[in-house]
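Enquirer: One structure, as structure tokens, below. Some questions next.
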Amino acid sequence: MSRTMPRIAPLDQPYPPEIRAQFDRIMRGAPPLVLFRVMAGHTRAWDKFRAGGLLDPGPLSLRQREIVIDRTCALNTCEYEWGVHVAIFAGPAGLTEEEVRATVQGGAASSCWSPAEQALIAAVDALHTSATFSDEEFAALSGHYDEAQILEIMLLCGFYRTVSYLANGLRLPLEEKAARFPR
């Protein structure tokens with residue numbers, strides 16, 4: 001499987017002014033990701049994609065949000081998006097190398113996680129595996145997170161599963177400065 005050319009061609013420069021402004025807002029001066037350039041070439045898909053974004057300040061901490069995103073992408077074998085998030089957010093979120101590795105190779109019982117983070121990982125795993133929670137899983141999650149946070153967790157898992165489908169299905173090449181899955 002070639003990862004050098006996406007299955008749908010990304011936009012090339014010069015970008016239309018409206019798209020350029022959107023890229024600048026999202027990327028804060030960095031070059032736009034290949035995923036964004038592919039999506040932006042299709043107005044309806046780009047609009048829907050941006051509307052579903054959950055990178056604004058929400059009810060979860062940056063650390064909690066990134067654990068959910070990294071674990072979701074890892075479970076979906078989406079090295080593209082996992083690598084982008086690890087490269088940009090792992091440091092600011094305070095994730096150690098051991099924790100980053102555990103998002104791919106560990107589980108909810110990994111000793112690097114706090115009890116609340118173990119419940120978070122277990123919830124992501126449950127949603128990935130069965131698209132729901134058992135009563136016990138929901139009770140464990142509710143012991144650490146309020147309703148708004150639980151909804152955010154579920155939304156993040158769903159959105160980043162979709163992002164994983166896009167990145168994997170389009171065979172996006174890995175971003176140059178993104179992290180790589182631990183071997």
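Where a number appears in this text, it was derived from the coordinates with a stated rule and is not lab data. A quick note: this is a predicted structure, and the numbers were derived from the prediction, not measured. Note that each Cβ is placed from the backbone with ideal geometry, even for glycine, and that neighbours are counted across all protein chains shown.
Enquirer: Based on Cα positions only, what radius of gyration and what Dmax would you give for the stretch 62-169, in angstroms?
Expert: In order Rg, Dmax, the Cα atoms of the stretch 62-169 give 12.7, 36 Å.
Enquirer: When the Kirkwood radius is taken over all Cα pairs of the chain, what Stokes-Einstein diffusion coefficient follows at 37 °C and 0.692 mPa s, in µm²/s?
Expert: 192
Enquirer: Let me ask another. Would you mind calculating the relative contact order of the chain from Cα pairs under 8 angstrom and at least 6 residues apart, reporting the percent as a whole number?
Expert: It rounds to 35 percent for the chain.
Enquirer: By per-residue mean of other Cβ atoms within 10 Å, what is the highest-first order of 79-91, 125-137, 146-158, 57-69?
Expert: 79-91, 57-69, 146-158, 125-137
Enquirer: Right, something else. Relative to the Cα centre, what is the charge dipole magnitude of the chain, using +1 at the beta carbon of each Lys and Arg, -1 at the beta carbon of each Asp and Glu, and rounding to the nearest 20 debye? All intermediate terms of the calculation are to be shown ahead of the outcome.
Expert: On the way: 18 positive and 22 negative charges, 188 e Å.
The calculated dipole for the chain is roughly 900 debye.
Enquirer: Another question, if that's okay. Can you pull out the cysteines in the chain that have no other Cys Cβ under 4.7 Å?
Expert: 112, 157
Enquirer: Can you give the calculated 222 nm mean residue ellipticity of the chain, where each DSSP H run of n ≥ 4 adds -39,500 (n - 2.57) and the sum is split over every residue, rounded to the nearest 500 deg cm²/dmol?
Expert: Numbers: 9 runs with 108 residues, N = 183.
Mean residue ellipticity at 222 nm (helix-derived): -18500 deg cm²/dmol.
Enquirer: To continue, here is another question. When the label point is put 7 Å from the Cα of residue 129 along its Cα-to-beta-carbon vector, which residues of the stretch 145-183 have a backbone N closer than 18 Å?
Expert: It comes to 154, 157-158, nothing else.
Enquirer: If the convex hull of the alpha-carbon atoms of the stretch 1-40 is projected onto planes in all directions, what is the mean projected area in square nanometres?
Expert: 3.0
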